[in-house]
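Inspection log for the structure reproduced underneath, given as C-alpha cells.
Derivation of every value follows stated rules applied to the coordinates shown; laboratory data play no part. Just so we're clear, the structure is a prediction, and the values are computed from it rather than from any experiment. Cβ: placed from backbone, ideal geometry, glycine included. Neighbour counts: every protein chain shown.
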Amino acid sequence: MQATDTHQEVKPLDQVWNKRPLIISGPCSAETEQQVMETAQRLAATNKVDVYRAGIWKPRTRPGNFEGIGTKGLPWLQQAKKTTGLLTAVEVATSKQLQDALHFDVDIVWLGARTTVNPFSVQEIADALRGVDVPVLIKNPINPDLELWIGAVERVAKAGIKNIGLIHRGFSSYGNSEYRNAPMWHLAIEMKRRYPELMMINDPSHICGRRDILQEVAQKAIDLDYDGLIVESHIDPDNAWSDAKQQITPERLSEMLENIIWRKEDVQSEEYHNALEKLRNQINHLDDELMQILGQRMKVAEKIGQFKKENNITILQTNRWNEILERAFRKGEKLGLSKEFITRYFDAVHLESINHQTRVLNS
Ligand code: PEP
Ligand code: MN
C-alpha cells in the first residue's frame, strides 16, 4: 500500500502526556491490519486525537468470545504510528505482554479493570516495569473498591514509574440497566482528591456500554474537570469483534468532541473570580449551618437513646424510620431534591444517629 510509506512526525511523548484535554481513541480490539490502519488514519484525519489505543489481548468475561489478535497485531500498531504520527497505547495484563508491547514501541500501556482488581497481576507487571521508562494508565478495578485502585497506583509508583495516570471506566454492579458499568462519580472524585497530581481520564465507552449516552457522560466528566477521554472507535462499529454496541466511527467521535462544552477550570478575569468567590462563600456558610444542625440532631438522638435505655427499647424501629423517609421524600420533592439523594443522605444520617444512640445505650 502506497499510503503506508508516508511517514508522519511523531510528537514527543512528554508533550502528548501533558496535553489537556488528552484524547485517546481507537478500537476495543485490533482485528485486522486493514482495520487497524484505516481506523488510525481516519482518527488522525479528525485532528482531535492524541493517542491511538487498541486492545491486543482481550480479557473477556465469558470464554468463547474473541480474545484478542495477540502479538501479531503489534506490528500493525507500529505501522499505524509511522503512518499517522499518533502515539500508541495498549492494555497489558502480564509481564510477557508488557515486554511484547515495549518490543514493538508501544508508547503508553494501561492496566485494565480486571487487572487492577488483582494485586498478584499488578505486582507481576510492576516488577516487569522496574527500570522501564513508560507511562502507565491504571483503570479503576471492576468492583467499587478505592483501596484496590490505590494499591495498584502504589505498586506501579514503587516500581519507579514517574508518569502514572488514572482511567475511570465505571464499576460493575448487578442488575444495573442504564449503564454497563455504573460511573459512581464520587469514587473517581475521591481518587482525584487523594492523587491531585495524577491525570484522570474518563472512559465513557465502558461506562455506557452503548452509543446513545456517550456524549452526556463525556460532558459530565469534562464538567468535573477530568484531564481527558478514552473513547472506543471503529470503522464499522456494528461489526466490531468486541464491544460493538459502544463503539463509534472516527467521524462520530469528531462530532462528539465538537459538541462538548470545554470548561476551563480557571478563567483569568477578576470579575469572574469575585462572583465565584461570593458563591463559594455562600456554600461554605450553608455547609457550616448544615453541620451545626446535624450536630444538634445527633444531640437529640442521644436524648432519645437515653430514653430508650431507661425504658429498655430497641434502637432500630423500622416504622419510625419509614415515616422519616416518607416525610423527607414529600418535602424533598418540593425542594427539587431527588429521591436517590434523600435516601442516601438519610441513610448516612440514620447510621450516625444509631452510632450515637448505641454509645449512649452502652454507657
Ligand atoms: C478496554 O479498554 O477495551 C477494556 C477491556 O476495558 P476495561 O478494562 O475497562 O474493561
Ligand atoms: Mn472494550
Take the Cα radius of gyration of segment 291-363 and divide it by 2.2 N^0.38 Å, with N its residue count; two decimals is plenty. 1.18
To one decimal place, what Kirkwood hydrodynamic radius in Å is obtained for segment 1-85 from all pairs of distinct Cα atoms? 13.7 Å
Going by amide H atoms built from the backbone, whose H comes under 5 Å of the H on Gly55, apart from near neighbours? Ser29, Ala30
Sorted from largest down, give the three principal axis spans of the alpha carbons of the chain, whole angstrom values. 87, 51, 40
Counting only Cα, what are the radius of gyration and maximum Cα-Cα distance Dmax of segment 172-282, in Å? 16.7, 53
With θ set to phi - 60°, apply the Karplus curve 6.51 cos²θ - 1.76 cosθ + 1.60 along segment 109-117 and write out the HN-Hα couplings as whole Hz, x wherever there is a Gly or Pro. 10, 10, 9, x, 4, 7, 8, 4, 6
Please sort 139-152, 318-331, 272-285, 103-116 by packing, taking for each peptide the average over its residues of neighbouring beta carbons within 10 angstrom, highest first. 103-116, 139-152, 318-331, 272-285
For segment 315-330, in order, what is each residue's ³J(HN,Hα) by Karplus, 6.51 cos²θ - 1.76 cosθ + 1.60 with θ = phi - 60°, in whole Hz (x at glycine and Pro)? 6, 7, 10, 4, 4, 4, 5, 4, 5, 4, 5, 4, 4, 5, 4, 4
State to the nearest 20 debye the size of the charge dipole of segment 170-220 about its Cα centre, where the only charges are +1 on K and R beta carbons and -1 on D and E beta carbons. 40 debye
Sorted by packing (mean other beta-carbon atoms within 10 Å per residue), highest first, where do 10-19, 123-132, 24-33 land? 24-33, 123-132, 10-19
So what's the back-of-envelope 222 nm ellipticity for the chain, counting only DSSP H runs of four-plus at -39500 (n - 2.57) apiece and dividing by all residues, rounded to 500? -16000 deg cm²/dmol
Which FRET efficiency value, to the nearest 0.05, do you get for Gln123 and Asp145 by plugging their Cβ-Cβ distance into 1/(1 + (r/R0)^6) with R0 = 22 Å? 0.85
Mean Cβ-within-10 Å packing, highest first, puts peptides 72-79, 343-350 in the order 72-79, 343-350
Two decimals is fine: what's Rg over Rh for segment 116-173, C-alpha atoms, Kirkwood radius as Rh? 0.97
What residues qualify as long-range amide H neighbours of Trp110, i.e. H under 5 Å apart, gap of 5 or more or another chain, H built at 1.01 Å from N? Val90, Glu91, Val92, Leu137
Which pairs break 28 Å Cα to Cα here: Lys48/Lys96; Lys96/Lys162; Lys264/Lys339; Lys299/Lys339; Lys72/Lys220? Lys48/Lys96; Lys264/Lys339; Lys72/Lys220
With equal scatterers on the alpha carbons only and no solvent term, can you work out the Debye log10 of I(q)/I(0) for segment 150-196 at 0.22, 0.25, 0.32 1/Å? -0.83, -0.94, -1.17
